[in-house]
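The values are calculated or read from the model by the stated rules, or taken from the named source; none is laboratory data. Predicted model only: the values in this text are computed from it and were never measured. Neighbour counts run over all protein chains shown; Cβ positions are idealised from the backbone, glycine included. Only protein heavy atoms, including side chains, enter the accessible area calculation; ligands, DNA and RNA are left aside. Shrake-Rupley method; radii C 1.70, N 1.55, O 1.52, S 1.80 Å.
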Amino acid sequence: SQITTLINHKDKPKRSDKTLQAIQRVGQAVNLAVGRFVTVGEAIANENHELKEEMSVACIEARRAGETIAQLTDVASLDHPESDSHITIFTDKTGVVKAARLLLSSVTKVLVLADRIVIKQIITSRNKVLATMEQLEKVSSFQEFVQIFSQFGNEMVEFAHLTGDRQNDLKDEKKKARMAASRAVLEKCTMMLLTASKTCLRHPDCESARINKNGVFHRMRLALEQVIEIVTDSRPNGENEMAPISIYSGIKEFKNKVEGLRENLYFLSKENLSTMLEVILEHTEDFTDSAYTSHEHREHILELSKQAKMELEQLVSVWMQAQNQKTKDLMEDLEVAILKTCQCMNELKREVHSAATSLAADLLKYHTDHMVLKALKITGVEGNLEAVAEYTCKLSEQKEQLVEV
């Protein structure tokens, strides 16, 4: 903001001493802030030799740019007796613009390099955890397991600290939630790993104990992989993360196209509009096909879907006529058809939104007590296999409902 203040100052033929001193103060403040920033960058460079050269160059550039800005805004350097009647600050404004650009690019470079170091630290920490996990899987005695598990615990604490800091830095709420979920899985599984491995070592011939232990290790590996995906902003097997087409965004785009007919009758085809509506209505089938959607919501959604098709048919009919002859009456009819189509889509959006929030509210209301999970734990401790199977089935149903909602 201080740099913007300097760049956007209005050129006046004469300035008061107060204005000159204010601009000088801003210039000095920028230089001091850059100095503090660069000191941290240089400390990071000294600790990370592989990026030391790049970081040092970026820090030197930033420091130089900060000093240039301070010099160009220095009132003392503008003390020219011959120009007393027209005192101006940094007569070469392009010099300040150049210095500001250099400063912003070098500061960005320092931040990117620092970020690379953080990412590398998280990946290195993950690799340590994976290596120790492999050792834990192969142990044959409980004493050996305890020794390695102690090292594993320390490595997991380090990994938790690094990923916790990263989670707080994330701006994307979905990534933040995924990171929190992965870290929670790792925390729970670390405790489960001890119990599962101890049981397996005491009962080496027990098939269910072995499957249980393998399941914990597998879940931890998946969670570790997800953390690295989020940190490096990558997808497994190089896939690109495709943003799902939502009903909301589909309706918004559809309405934009429909309203665009007011300006241009020829910028898209009727087939294009029909396809867009079909895609939206296909997505609403997730609601109408769901066993959890109330009968009332289902009926309203189906009714509005049918109405949307009829409104589009009417719109296309008037639109085609208007393309052939632009009479005042036809243009008025087209305006009415556009308004009715958009109104119908708004009602559909509201109805789907209402159904979604209703489903979510029901889910939260019925499952806040975690009764099934508690019952599953109790029957598991009792060794009641029939009850465990029953509650496992119920928990799976709850999971499916949660995913669907």
Discussion item. Residues that are in the same structural domain as Asp289 (by the TED database) and in contact with a Phe, Trp or Tyr (Cβ under 6 Å, 6 or more places away or on another chain): does the stretch 373-383 have at least one?
Written reply: no
Worksheet item: Taking interchain pairs and intrachain pairs at least six residues apart, which have beta carbon atoms under 6 angstrom, with the first residue in the stretch 196-215 and within 17 Å of Met133 (Cβ to Cβ) and the second part of a helix (DSSP H, G or I) and among the β-branched types (Val, Ile, Thr)?
Response: Ala196/Val216
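Small (Gly, Ala, Ser) and closer than 22 Å to Ala360 by Cβ: does that describe Ser274?
Working: small (Gly, Ala, Ser): yes; closer than 22 Å to Ala360 by Cβ: no.
Considered against the rule, which asks whether it is small (Gly, Ala, Ser) and closer than 22 Å to Ala360 by Cβ, Ser274 comes out as no.
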Discussion item. What's the total number of residues in the stretch 310-355 that are in contact with a helix residue (DSSP H, G or I) (Cβ under 7 Å, 6 or more places away or on another chain), of a type in the set (D, E, K, R) and either within 24 Å of Ser246 (Cβ to Cβ) or open to solvent by 90 Å² or more (accessible area, probe 1.4 Å) (or both)?
Written reply: 5
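Conditions tested, residue by residue: (1) more than 19 Å from the chain's Cα centre (by Cα); (2) among the acidic types (Asp, Glu); (3) part of a helix (DSSP H, G or I); (4) outside the structural domain of Ile228 (by the TED database).
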residue	(1), (2), (3), (4)
Phe152	yes, no, yes, no
Glu155	yes, yes, yes, no
His161	yes, no, yes, no
Ala177	no, no, yes, no
Asp205	yes, yes, no, no
Worksheet item: Quick check: anything in the stretch 257-280 at pLDDT 90 or above, assigned to a loop (DSSP other than H, G, I, E, B) and exposed (fewer than 11 other Cβ atoms within 10 Å of the Cβ)?
Response: no
Worksheet item: Looking at Arg116, Arg166, Arg101, which one is open to solvent by less than 70 Å² (accessible area, probe 1.4 Å) and basic (Lys, Arg)?
Response: Arg166
Worksheet entry | Odd one out for Ser396 among (1) under 30 Å from Val258 (Cα atoms); (2) under 30 Å from the mean Cα position of the chain (by Cα); (3) hydroxyl-bearing (Ser, Thr, Tyr) | (1)
Practice prompt. Please state which one of Thr124, Thr132 is assigned to a helix (DSSP H, G or I), β-branched (Val, Ile, Thr) and under 24 Å from the mean Cα position of the chain (by Cα).
Written response: Thr124
Response to the item:
Residue set Ala209, Ala223; condition open to solvent by less than 70 Å² (accessible area, probe 1.4 Å) and at pLDDT 95 or above; output residue Ala223
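Here is a yes/no grid of residues against (1) under 23 Å from Ser290 (Cβ atoms); (2) among the small types (Gly, Ala, Ser):
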site	(1), (2)
Asp362	yes, no
His367	yes, no
Lys377	no, no
Glu382	no, no
Ala387	no, yes
Lys394	yes, no
Lys399	yes, no
Response to the item:
Filtering the stretch 356-385 down to residues that are of a type in the set (A, V, I, L, M, F, W, C) and either open to solvent by less than 50 Å² (accessible area, probe 1.4 Å) or over 26 Å from His283 (Cβ atoms) (or both) yields Ala356, Leu359, Ala360, Leu363, Met371, Val372, Leu373, Ala375, Leu376, Ile378, Val381, Leu385
Response to the item:
Filter the stretch 43-73 for residues that are open to solvent by 50 Å² or more (accessible area, probe 1.4 Å) and acidic (Asp, Glu); the one that is modelled with the lowest pLDDT is Glu50
